[in-house]
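To start, the structure under review is shown below, and the notes come after it.
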Amino acid sequence: MGDTGSLALGGALGVVSVLIKREFWLVLVGGVFVAEALSVMLQVSSFRLLKRRVFRMSPLHHHFELTGWTESKIISRFWIVALIFALFALTTLKLR
C-alpha cells in the first residue's frame with residue numbers, strides 16, 4: 001500500500017473518530033504511530049535543549065535496529081503492540 005492508500009485509510013479513521021465524537025480513540029488505535037512520532041519529537045527537543053540524545057536514532061524502530069534487533073522481530077513486536085492498542089480501543093468503544 002503506498003502513500004495514497006495509507007493516507008486514505010488514515011483520513012477515514014480520523015473522520016470516523018470525529019463523527020462518533022471519540023477523538024481520543026484515534027490515539028489509541030494508532031498507538032504505534034503515535035509512539036513513533038513522539039519518539040522523533042522527544043529526540044529533536046532533547047538534542048536541541050540538552051545536546052544529548054534519548055535514542056540512538058529516531059524514529060523508534062531505527063533505535064531498535066541499532067540495538068541489534070532484526071527487522072522481522074521489530075515488525076512482529078510492533079504488530080503485537082498495535083493489536084493490543086486496537087483491542088484496548090475497541091473495549092473503550094461503547095455501542096449504543
In deg cm²/dmol, rounded to 500, what helix-only [θ] at 222 nm does the chain give when every DSSP H run of at least 4 residues adds -39500 (n - 2.57) and the total is split over its residues? -24500 deg cm²/dmol
The simple spin-label model distance between Ala35 and Ser72, using points 7 Å out along Cα→Cβ, in nm, is 2.1
When the chain is fully extended, how far beyond the present Cα-Cα distance does Ile20 get from Ser6, taking 0.36 nm per residue of separation? 2.9 nm
Would you work out what percent of the accessible area of the chain, with all protein chains in place, is carbon or sulfur (probe 1.4 Å)? 71
Would you list, by chain and number, the lysines whose Cα falls below 24 Å from the Cα of Lys94, excluding same-chain residues fewer than 8 positions away? Lys21
Under a point-charge model restricted to the Cβ atoms of Lys and Arg (+1) and Asp and Glu (-1), what is the dipole moment magnitude of the chain relative to its Cα centre, in debye to the nearest 20? 400
Probe 1.4 Å, accessible area per residue of the chain, Å²: 78
Shape category assigned to the stretch 3-52 from the gyration tensor of Cα positions, a/c cut at 1.5: prolate
Which of the listed residues, His61, Val44, Val34, is farthest toward the dipole's positive end in the stretch 30-77, when Lys, Arg count +1 and Asp, Glu count -1 at the beta-carbon? Val44
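The values are calculated or read from the model by the stated rules, or taken from the named source; none is laboratory data. Just so it is clear, the structure is predicted and the values come from calculations on it, not from any experiment. All Cβ positions, even for glycine, are placed from backbone atoms using ideal geometry, and neighbour counts span all protein chains on display. What goes into the accessible areas is simple: the full protein's heavy atoms, side chains included, and nothing from ligands, DNA or RNA. Shrake-Rupley method; radii C 1.70, N 1.55, O 1.52, S 1.80 Å.
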